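Colleague: I'd like to ask some things about the structure below.
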Protein chains: 2
Amino acid sequence: MSLRNLSINLATVRQQYNLAQAVDACLAQGITSIAPWRDQIHETGLAEAAEIIRSNQMRVTGLCRGGMFPASDRGGLAAAVEDNKRAIDEAAAIGADCLVMVVGGLPKGSRDISAAREMVVDGLAAILPHARAIRMPIAIEPLHPMYAADRACINTLEHALDVCELLGDGVGVAIDAYHVWWDPKLREQIVRAGASNRILAHHICDWLVPTRDLLLDRGMMGDGVIDLRSIRRTIVEAGYDGPQEVEIFSSENWWKRPGEEVLATCIERFHEVCELHEKSFQER
Amino acid sequence: MSLRNLSINLATVRQQYNLAQAVDACLAQGITSIAPWRDQIHETGLAEAAEIIRSNQMRVTGLCRGGMFPASDRGGLAAAVEDNKRAIDEAAAIGADCLVMVVGGLPKGSRDISAAREMVVDGLAAILPHARAIRMPIAIEPLHPMYAADRACINTLEHALDVCELLGDGVGVAIDAYHVWWDPKLREQIVRAGASNRILAHHICDWLVPTRDLLLDRGMMGDGVIDLRSIRRTIVEAGYDGPQEVEIFSSENWWKRPGEEVLATCIERFHEVCELHEKSFQER
């Protein structure tokens, strides 16, 4: 069984490995796609990171993350725009498929989520010319509504696609099953995203019952309640057949286990509960 | 300043008071509306509970709660339907404005949220003839998406209203700011709910940053990020001017304080950040 369609978001093994170690550990188990975070790239150094990725022929399914636009004043927004332009350059330097956007929540002290959303649109509009110029796709990741206040005020796929249509070319969505699985409009919005070629990434993990922490208690695929294969089928039918990228924040479980065990479990569960087996939906 | 439009959901003081004590404590501070939970009614006894409420002329803005329909088999659903019919009778016995529905999440072991949603519609359809016969409005409460797995698989006002329209008369929505504040379609869906006279209750508390527990870390109005007055204005403009009902689950803070202090704070914050002051939006 091929691992061509499995990617490891390096947050999943952030406590175990730096970038070089993570690449080695992935390759040792046959995984050839990763998605690093900016802090991991900075720690290694951009040039060296790019060389590690290039020389090992790794596919980079996304760089995490740009975004965090809303600010208390225009200066703050301008600074976020500049930082996002640097992120675009970094994504290009490592050959990423896209730059993933966690757009940001409410500025400190604010209760005006509409204003925050306007700042997000303004910020994205300000960076898009640069992104288009160097052909780096921008992937808006709608985050679960429980992050609306402090991480991202774009919380549904429908809303993310509305923003994409407002902004035009060069911007699409990262669909993370953890953030959107609950949405009664999920299927229709995945179809909509596919029809406009805006699906840029597909992230997976699982929703645990109970969930003990809003941020750091995400589950391994198969340990929770998300019908990951069904969501995958919808995404493939909508036209996206790129890798499924495992992104698990798990301070009390997976971050405490040996990296090799985590990666082996990702592979096992990818085959068991994520990958499509039906002939008609065979992932190429 | 009148407290006519302030109601206390008795979950807010569940660790401090039983029903009789809660009624006394509310009246001592001028609060004349409450919303009890079924376990509080059962603890007191239905006849005595009804007498306490009647003799003190309390308004009951809702009985919490019916629902919890999805089950692993038809027998489980049938049992839920019978229990919900009893809840309707109890709501009638205490003269409640409505029976609030927390519809239920996924049955144990299930990953099929569509099937759970179908069971919810089936369950509601099964109880509605009885509810209509004794004129007890059924209020579907869309719960925050973080409860989709274990408490309620209706998670947006839009979805709740779609279900209402499917079911017809006798069913509406309870709009709890905590559950819906993040929704980019909130305003349009409140307007829609008002246009069909389906707003049956308005619950309030606040979203804390950070939120330390998915269930039991709700905030006092004013301590979080929700623009409660703005949501209230939209609800009043849409045609609902019933009480704002304070419902706070707070295991580490408000549940540990003296009940008198909690109620006094509810009153203070109701005036400060919830009640409408503009002449044109004066609550009657």
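The values are calculated or read from the model by the stated rules, or taken from the named source; none is laboratory data. From a predicted model like this one, the values you see are computed outputs, not experimental measurements. Note: ideal-geometry Cβ built from the backbone for every residue, glycine included; neighbour counts use all protein chains shown.
Colleague: Does region B:4-23 hold any residues that are over 22 Å from B:ARG257 (Cα atoms) and surrounded by fewer than 20 Cβ atoms within 10 Å (Cβ to Cβ), and which are they?
Modeller: Residue satisfying the conditions is B:ARG4 alone.
Colleague: If B:ILE154 meets every condition in (1) within 14 Å of chain A (Cβ to nearest Cβ); (2) farther than 13 Å from B:VAL120 by Cα apart from one, which number is that one?
Modeller: For B:ILE154, the exception is condition (2).
Colleague: Here is a follow-up. Residue by residue through region A:226-245, note down the ones that are more than 26 Å from B:LYS108 (Cβ to Cβ) and touching a strand residue (DSSP E or B) at 6+ places or on another chain (Cβ under 8 Å).
Modeller: A:ILE235, A:ALA238, A:GLY239, A:TYR240, A:GLY242, A:PRO243, A:GLN244, A:GLU245
Colleague: Only residues that are of a type outside the set (Asp, Glu) and surrounded by fewer than 18 Cβ atoms within 10 Å (Cβ to Cβ): list them for region B:252-265, please.
Modeller: B:ASN253, B:LYS256, B:ARG257, B:PRO258, B:ALA264
Colleague: While we're here: So, restricting to strands (runs of 3 or more DSSP E) that lie completely within region B:52-151, which ones have at least 3 residues that are among the hydrophobic types (A, V, I, L, M, F, W, C) and crowded, with 21+ Cβ neighbours inside 10 Å?
Modeller: B:99-102, B:138-140
Colleague: In region B:210-251, how many residues are surrounded by fewer than 17 Cβ atoms within 10 Å (Cβ to Cβ) and of a type in the set (A, V, I, L, M, F, W, C)?
Modeller: 2
Colleague: Moving on to the next point. Residues being away from every other protein chain (no Cβ under 14 Å) and either in contact (Cβ under 8 Å) with a residue 60 or more places away in the chain or more than 15 Å from A:VAL173 (Cβ to Cβ) (or both): count how many of those fall in region A:110-135.
Modeller: Summing the residues that are away from every other protein chain (no Cβ under 14 Å) and either in contact (Cβ under 8 Å) with a residue 60 or more places away in the chain or more than 15 Å from A:VAL173 (Cβ to Cβ) (or both) in region A:110-135 gives 12.
Colleague: Could you grab me the full set of residues in region B:177-194 that are outside any helix (DSSP H, G or I) and surrounded by fewer than 23 Cβ atoms within 10 Å (Cβ to Cβ)?
Modeller: B:PRO184, B:LYS185
Colleague: Could you tell me how many of the residues in region A:134-173 are in contact with a helix residue (DSSP H, G or I) (Cβ under 9 Å, 6 or more places away or on another chain) and over 25 Å from B:ALA177 (Cβ atoms)?
Modeller: The total comes to 17.
Colleague: So, one more: Name the residue, out of B:VAL225, B:VAL236, that is in a loop (DSSP other than H, G, I, E, B) and under 24 Å from B:VAL173 (Cβ atoms).
Modeller: B:VAL225
Colleague: Evaluate the following for A:GLU272: is it at pLDDT 95 or above, over 20 Å from the mean Cα position of the chain (by Cα) and under 22 Å from A:ALA139 (Cα atoms)?
Modeller: Answer is no for this residue.
Colleague: Something else: Of all residues in region A:37-46, which are in contact (Cβ under 8 Å) with a residue 40 or more places away in the chain and either surrounded by fewer than 18 Cβ atoms within 10 Å (Cβ to Cβ) or in contact with a Gly (Cβ under 9 Å, 6 or more places away or on another chain) (or both)?
Modeller: Within region A:37-46, A:ARG38, A:LEU46 meet the criteria.
Colleague: Further, regarding this structure: Residues of region B:214-235 being within 11 Å of chain A (Cβ to nearest Cβ) and basic (Lys, Arg), which ones?
Modeller: If the condition is that a residue be within 11 Å of chain A (Cβ to nearest Cβ) and basic (Lys, Arg), then B:ARG229 is the only one that fits.
Colleague: Report the residue count in region A:206-240 for those that are in contact (Cβ under 8 Å) with a residue 24 or more places away in the chain and touching a Gly at 6+ places or on another chain (Cβ under 6 Å).
Modeller: Of the residues in region A:206-240, 4 are in contact (Cβ under 8 Å) with a residue 24 or more places away in the chain and touching a Gly at 6+ places or on another chain (Cβ under 6 Å).
Colleague: Follow-up. Identify the single condition in (1) touching a helix residue (DSSP H, G or I) at 6+ places or on another chain (Cβ under 7 Å); (2) within 14 Å of another protein chain (Cβ to nearest Cβ) that A:THR211 does not satisfy, given that it satisfies every other one.
Modeller: (1)
Colleague: Now for a separate question. List, please: which pairs have Cβ atoms under 8 Å, are six or more places apart or on different chains, and start with a residue in region A:159-176 that is among the polar types (S, T, N, Q) and surrounded by 15 or more Cβ atoms within 10 Å (Cβ to Cβ) and end with one that is modelled with pLDDT of 95 or more and not in a helix (DSSP H, G or I)?
Modeller: none
Colleague: Okay, moving on. Suppose the filter is under 22 Å from A:ARG229 (Cβ atoms) and more than 8 Å from chain B (Cβ to nearest Cβ); does A:HIS203 pass it?
Modeller: yes
Colleague: Could you pull out the residue among A:PRO145, A:PRO107 that is touching a His at 6+ places or on another chain (Cβ under 9 Å) and either of a type in the set (D, E, K, R) or within 14 Å of chain B (Cβ to nearest Cβ) (or both)?
Modeller: Going through A:PRO145, A:PRO107 in turn, just one is touching a His at 6+ places or on another chain (Cβ under 9 Å) and either of a type in the set (D, E, K, R) or within 14 Å of chain B (Cβ to nearest Cβ) (or both): A:PRO145.
Colleague: Also: Determine, yes or no, whether A:ASP206 is under 19 Å from the mean Cα position of the chain (by Cα), surrounded by fewer than 21 Cβ atoms within 10 Å (Cβ to Cβ) and charged (D, E, K, R).
Modeller: No; evaluated as a whole, the condition is false for this residue.
Colleague: Filter region B:24-36 for residues that are surrounded by 24 or more Cβ atoms within 10 Å (Cβ to Cβ) and either in a helix (DSSP H, G or I) or of a type outside the set (Val, Ile, Thr) (or both) and give the result.
Modeller: If the condition is that a residue be surrounded by 24 or more Cβ atoms within 10 Å (Cβ to Cβ) and either in a helix (DSSP H, G or I) or of a type outside the set (Val, Ile, Thr) (or both), then B:CYS26, B:ALA35, B:PRO36 are the ones that fit.
Colleague: Moving to a separate point now. Go through region A:172-203 and give me each residue that's over 16 Å from the mean Cα position of the chain (by Cα) and acidic (Asp, Glu).
Modeller: Correct list: A:ASP183, A:GLU188.
Colleague: In this structure, is B:VAL60 over 22 Å from B:ASP176 (Cβ atoms), in contact (Cβ under 8 Å) with a residue 12 or more places away in the chain and within 20 Å of the chain's Cα centre (by Cα)?
Modeller: no
Colleague: Confirm whether A:VAL100 is within 14 Å of another protein chain (Cβ to nearest Cβ), under 26 Å from B:MET146 (Cβ atoms) and within 13 Å of the chain's Cα centre (by Cα).
Modeller: For A:VAL100, the condition - within 14 Å of another protein chain (Cβ to nearest Cβ), under 26 Å from B:MET146 (Cβ atoms) and within 13 Å of the chain's Cα centre (by Cα) - is not met.
Colleague: Does A:ILE267 count as part of a helix (DSSP H, G or I), touching a Leu at 6+ places or on another chain (Cβ under 8 Å) and in contact (Cβ under 8 Å) with a residue 60 or more places away in the chain?
Modeller: Yes; evaluated as a whole, the condition is true for this residue.
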